[in-house]
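Visitor: Please read through the structure below; I'll follow up with questions.
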Amino acid sequence: MKLLLAILLAAPLHAQTTTFLPLHVASDGIIVDSSGKPVFLRGLNRSSTGSGNADAAATDVEYAAQNQLLSMNLVRIFVNATWWNTNVQVPIGSVAYQTYIDTLIQRAKKYGNYVLILKAGQFPDAPCSASGANCPAPNQGDLNCQATPSVCAAQSTNGTNIDAALAFWDSFAQKYAADPAVLYDTWENMSGLDAGTWSDDEGQLIATIRTYNPQALIFVEDVGTAFESIAAGTVPDLAWSNIVWNFHLYNASSGSCTEPASPRYANWPQSFDELVSYAQQNGHAVAITEWGGCNDIEPYNTNITSYAKTHAIALCYFDNTNLIASSGSTYQLTATGTRVAQAYTAIAAGGTASAPAITLVANAEGDVPSIAPNTWVEVKGTNLAPAGDSRIWQGSDFFGSRMPDQLDGVSVTVNGKAAFVYYISPTQVNILTPPDAMLGPVAVQLTNGGLASATAMVPAQAQAPSFFVFNGGPYVAAEHANGSFLGPASLFPGYTTPAQPGETVMLYANGFGATSTPVVSGSAAQTGTLSPLPAIKIGGLAAMVSFAGLVATGEFQFNVVVPASLADGDQPITATYNGLSTQAGTLITVHH
């Protein structure tokens with residue numbers, strides 16, 4: 001049945017994964033891809049991947065929700081250099097750390113994200129289990145230093161000892177040298193160093209990465225004043241291309257929220273302007289890879305996001321848990337997340353890409369502009385998917401038995417809820433609507449690469465019945481009891497044969513609504529029967545229906561006896577259910 005459904009929903013399509021073009025910094029300080037198109041990086045941090053249990057409780061569904069809700073194209077992943085170098089076991093993931101990090105990279109890429117890898121901790125305390133007992137803290141190296149001064153040289157993250165980081169970058173950059181989706185962030189929070197030592201250390205880190213990837217896009221954080229020293233001419237600029245000056249800008253603490261106030265956010269934006277200006281005028285890009293968090297209030301949020309949009313600055317929100325709330329497998333934006341999503345969408349719209357435009361939403365079979373729950377629907381228009389990207393879902397797009405709600409950065413909401421995306425192309429996207437009840441005009445919106453279409457209002461009802469048809473019609477999708485295809489011999493020569501009068505055949509249909517077994521949203525396993533049975537006529541004669549129900553994802557099967565008195569030839573066929581009928585013009589071929 002699943003093979004038949006694939007044939008019905010998408011005629012020859014070729015799978016294609018997201019294409020990541022190499023990024024570099026243009027002479028004006030803007031990040032562009034290898035075609036010269038500006039790329040406005042915006043996303044969030046997975047800051048727990050280098051401490052605690054390594055964020056190993058995160059799921060594919062959660063990553064999918066991030067991208068669908070946030071209009072993002074970047075994930076920043078923290079890596080513990082010592083864990084990588086010794087390849088420790090991640091207990092909760094039951095996998096070695098290097099394999100685990102690769103899983104996160106591939107997961108982020110799967111949803112259309114570039115991946116910014118950050119050298120974070122370099123302490124040996126192993127990841128903990130799901131119980132949370134004895135979990136290492138994000139600053140575990142500093143805590144270890146305080147308890148045992150002799151370990152400070154190896155575990156401190158202030159930059160005085162970069163041996164573990166050099167070994168890490170040598171191994172990591174060699175492994176991912178050929179992957180254009182992987183970006184590099186040399187060191188988090190260097191501190192206590194003079195500008196000259198900082199410059200020497202950063203030079204070594206960059207040189208190690210560039211040994212394997214001479215053109216890598218590398219993000220560099222300073223010690224809090226080194227960028228000012230470079231701008232003032234007292235410290236030489238880093239003698240490398242494709243460098244991104246990287247900042248952390250936090251608001252001050254408030255109430256129970258404790259965050260380190262960033263001096264560069266004081267007197268906004270004057271104290272920041274000179275650094276951005278110098279960087280971009282000297283061929284460096286600019287990023288704010290840590291911002292937001294528990295004290296993300298106005299005007300701070302708008303100040304950061306509007307400035308980033310105006311100056312083409314990459315953004316990465318620090319606390320992913322502050323943006324999206326979950327209840328079971330359902331995710332939704334928080335109030336802060338809504339502001340960030342709107343800002344990220346506006347930033348994405350500043351690029352050269354055009355927003356998607358919907359021209360038609362209709363039942364995928366028959367083009368009737370009315371939809372229903374758990375129904376296959378086609379969305380037609382322009383810029384609906386990345387240029388040249390046409391494919392159906394694949395096994396790797398599923399999480400367990402859950403259907404994907406996005407493919408290559410393309411997602412659709414129906415009545416405010418995520419639909420399940422089967423096929424994408426620049427001009428057509430096929431979805432299965434969520435099973436939730438919908439009546440009257442409902443909103444349908446498509447997002448492609450962070451750009452959202454205008455909302456299309458579409459009639460909806462409890463059922464939108466239609467027959468699946470072969471090759472766009474007019475012959476209904478049907479099988480004989482032995483599973484062979486039913487139709488005129490000329491339809492699929494050697495594979496299709498007509499129905500015989502009195503024979504029980506299987507017909508396949510779409511949009512017949514709720515069944516005896518409620519459909520679980522997102523589940524690829526669907527069963528349940530219809531009650532009452534639909535009324536089916538072939539050649540104007542009533543046909544006996546012995547079974548009607550779901551047999552696959554959104555696919556109804558009707559077992560029907562062909563009336564014995566029918567003449568040979570093509571006969572019109574209709575199914576009526578709760579006063580609604582399938583599309584006109586469908587046929588079934590009969591031959592004695």
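The values are calculated or read from the model by the stated rules, or taken from the named source; none is laboratory data. Quantities reported herein were computed from a predicted structural model and do not represent experimental measurements. Ideal geometry is used to build each Cβ from the backbone, glycine not excepted, and the neighbour counts take in all protein chains shown. With ligands, DNA and RNA removed, areas are computed over all heavy atoms of the protein, side chains included. Shrake-Rupley method; radii C 1.70, N 1.55, O 1.52, S 1.80 Å.
Visitor: Hey, can you tell me all the residues within the stretch 91-103 that are surrounded by fewer than 23 Cβ atoms within 10 Å (Cβ to Cβ) and aliphatic (A, V, I, L, M)?
Guide: Ile92, Val95, Ala96
Visitor: Hey, any hits in the stretch 267-281 for a residue that's in a strand (DSSP E or B) and among the aliphatic types (A, V, I, L, M)? Please lay out each step first, then the result.
Guide: Taking the stretch 267-281 first, the residues in a strand (DSSP E or B) are none.
No; the residues of the stretch 267-281 include none that is in a strand (DSSP E or B) and among the aliphatic types (A, V, I, L, M).
Visitor: Let me ask something additional. Residue check: is Gly132 out of contact with any strand residue (DSSP E or B) (no Cβ under 7 Å at 6 or more places or on another chain) and in contact (Cβ under 8 Å) with a residue 60 or more places away in the chain? It would help to see each step written out before you state the result.
Guide: Details: out of contact with any strand residue (DSSP E or B) (no Cβ under 7 Å at 6 or more places or on another chain): yes; in contact (Cβ under 8 Å) with a residue 60 or more places away in the chain: yes.
For Gly132, the condition - out of contact with any strand residue (DSSP E or B) (no Cβ under 7 Å at 6 or more places or on another chain) and in contact (Cβ under 8 Å) with a residue 60 or more places away in the chain - is met.
Visitor: Something else now. Kindly indicate whether Ser370 is under 30 Å from Gly549 (Cα atoms) and out of contact with any Leu (no Cβ under 6 Å at 6 or more places or on another chain). Let's see the steps before the verdict.
Guide: On the way: under 30 Å from Gly549 (Cα atoms): yes; out of contact with any Leu (no Cβ under 6 Å at 6 or more places or on another chain): yes.
Considered against the rule, which asks whether it is under 30 Å from Gly549 (Cα atoms) and out of contact with any Leu (no Cβ under 6 Å at 6 or more places or on another chain), Ser370 comes out as yes.
Visitor: Oh, and also: Taking only pairs six or more apart or across chains, which ones have beta-carbon atoms under 8 Å, a first residue in the stretch 231-257 that is at negative phi and open to solvent by 10 Å² or more (accessible area, probe 1.4 Å), and a second residue that is assigned to a loop (DSSP other than H, G, I, E, B) and among the β-branched types (Val, Ile, Thr)?
Guide: So the pair list comes out as Asn251/Ile297; Ser254/Ile297.
Visitor: Ser131 - would you say it is under 30 Å from the mean Cα position of the chain (by Cα) and open to solvent by 50 Å² or more (accessible area, probe 1.4 Å)? If you could, list the steps in order and put the result at the bottom.
Guide: Details: under 30 Å from the mean Cα position of the chain (by Cα): yes; open to solvent by 50 Å² or more (accessible area, probe 1.4 Å): yes.
Here the answer is yes, as Ser131 does meet what is asked.
Visitor: Mind checking which residues of the stretch 1-43 are in contact with a Phe, Trp or Tyr (Cβ under 7 Å, 6 or more places away or on another chain) and at pLDDT below 95?
Guide: Correct list: Leu4, Leu8, Leu9, Ala10, Leu13, Phe20.
Visitor: Looking for whichever is at pLDDT below 90 and in contact with a Phe, Trp or Tyr (Cβ under 6 Å, 6 or more places away or on another chain) here; the options are Asp405, Asp389, Asp397, Asp367. Which one fits? Show your work before the answer.
Guide: Values: Asp389 fails: in contact with a Phe, Trp or Tyr (Cβ under 6 Å, 6 or more places away or on another chain); Asp397 fails: in contact with a Phe, Trp or Tyr (Cβ under 6 Å, 6 or more places away or on another chain); Asp367 fails: in contact with a Phe, Trp or Tyr (Cβ under 6 Å, 6 or more places away or on another chain).
Unique residue meeting the criteria: Asp405.
Visitor: Report yes if Val505 is surrounded by 19 or more Cβ atoms within 10 Å (Cβ to Cβ) and part of a strand (DSSP E or B), otherwise no.
Guide: Here the answer is yes, as Val505 does meet what is asked.
Visitor: Output the residue which, of all residues in the stretch 524-562 that are assigned to a strand (DSSP E or B) and among the polar types (S, T, N, Q), is farthest from the chain's Cα centre (by Cα). Outline the logic, then answer.
Guide: First pass over the stretch 524-562, keeping only residues assigned to a strand (DSSP E or B): 528-529, 535-538, 541-552, 555-561.
Imposing the further condition that a residue be among the polar types (S, T, N, Q) reduces the set to 529, 546, 557, 559.
On the way: Thr529: 34, Ser546: 42, Gln557: 33, Asn559: 39 Å.
Of everything passing the filter in the stretch 524-562, Ser546 is farthest from the chain's Cα centre (by Cα).
Visitor: Ok, one more. Are any residues in the stretch 36-49 open to solvent by 10 Å² or more (accessible area, probe 1.4 Å) and in a loop (DSSP other than H, G, I, E, B), and if so, which ones?
Guide: Gly36, Lys37, Val39, Phe40, Ser47, Ser48 - these are the residues of the stretch 36-49 that are open to solvent by 10 Å² or more (accessible area, probe 1.4 Å) and in a loop (DSSP other than H, G, I, E, B).
Visitor: Another question about this same structure. Please specify each residue of the stretch 25-35 satisfying the condition of being open to solvent by 30 Å² or more (accessible area, probe 1.4 Å) and either assigned to a strand (DSSP E or B) or touching a helix residue (DSSP H, G or I) at 6+ places or on another chain (Cβ under 7 Å) (or both).
Guide: At the first step, the residues of the stretch 25-35 found to be open to solvent by 30 Å² or more (accessible area, probe 1.4 Å) are 27-28, 30, 34-35.
Within the stretch 25-35, just Asp28 meets the criteria.
Visitor: Looking at the stretch 279-308, I want the residues that are free of Cβ contacts under 8 Å to residues at least 60 places away in the same chain and have a partner that is open to solvent by 10 Å² or more (accessible area, probe 1.4 Å) and among the hydroxyl-bearing types (Ser, Thr, Tyr) with Cβ atoms under 6 Å, at least 6 apart or on another chain. Which pairs are those?
Guide: Sorted first by the residue in the stretch 279-308, then by its partner, the pairs are Asn295/Ser254; Asp296/Thr336.
Visitor: Could you say which residue among Ala355, Ala372, Ala385 is among the hydrophobic types (A, V, I, L, M, F, W, C) and open to solvent by 10 Å² or more (accessible area, probe 1.4 Å)? Steps first, please.
Guide: Numbers: Ala372 fails: open to solvent by 10 Å² or more (accessible area, probe 1.4 Å); Ala385 fails: open to solvent by 10 Å² or more (accessible area, probe 1.4 Å).
Going through Ala355, Ala372, Ala385 in turn, the sole match is Ala355.
Visitor: Out of the stretch 394-424, which residues are open to solvent by 40 Å² or more (accessible area, probe 1.4 Å) and farther than 16 Å from Asn363 by Cα?
Guide: Gln394, Gly395, Ser396, Phe398, Phe399, Gly400, Ser401, Arg402, Gly416, Lys417
Visitor: Looking at (1) open to solvent by less than 10 Å² (accessible area, probe 1.4 Å); (2) closer than 18 Å to Gly366 by Cβ; (3) touching an Asp or Glu at 6+ places or on another chain (Cβ under 9 Å), can you tell me which one Leu587 breaks?
Guide: (1)
Visitor: Would you point out the residue of the stretch 296-349, among those that are over 20 Å from Phe40 (Cα atoms), outside any strand (DSSP E or B) and open to solvent by 60 Å² or more (accessible area, probe 1.4 Å), that is modelled with the lowest pLDDT?
Guide: Step by step, filter the stretch 296-349, then rank; the result is Ser329.
Visitor: If I filter the stretch 76-99 for residues that are touching an Asp or Glu at 6+ places or on another chain (Cβ under 9 Å), farther than 22 Å from Thr208 by Cβ and not polar (S, T, N, Q), do I get at least one hit?
Guide: No, the stretch 76-99 has no match at all.
Visitor: Given the options Val61, Val151, Val88, Val75, name the one that is surrounded by 16 or more Cβ atoms within 10 Å (Cβ to Cβ), of a type in the set (Val, Ile, Thr) and at pLDDT below 95.
Guide: Details: Val151 fails: surrounded by 16 or more Cβ atoms within 10 Å (Cβ to Cβ); Val88 fails: at pLDDT below 95; Val75 fails: at pLDDT below 95.
Only one candidate qualifies: Val61.
Visitor: Kindly indicate whether Pro263 is open to solvent by 70 Å² or more (accessible area, probe 1.4 Å), under 28 Å from Met72 (Cα atoms) and free of Cβ contacts under 8 Å to residues at least 40 places away in the same chain. Lay out the reasoning, then the answer.
Guide: Values: open to solvent by 70 Å² or more (accessible area, probe 1.4 Å): yes; under 28 Å from Met72 (Cα atoms): yes; free of Cβ contacts under 8 Å to residues at least 40 places away in the same chain: yes.
Taking the combined requirement at face value, the residue satisfies it.
Visitor: Could you run through the stretch 513-522 and say how many residues are within 30 Å of the chain's Cα centre (by Cα) and surrounded by 15 or more Cβ atoms within 10 Å (Cβ to Cβ)?
Guide: The qualifying residues number 5.
Visitor: Next up: Among the residues of the stretch 195-205, count how many are in contact (Cβ under 8 Å) with a residue 12 or more places away in the chain and either open to solvent by 30 Å² or more (accessible area, probe 1.4 Å) or within 36 Å of the chain's Cα centre (by Cα) (or both).
Guide: 7
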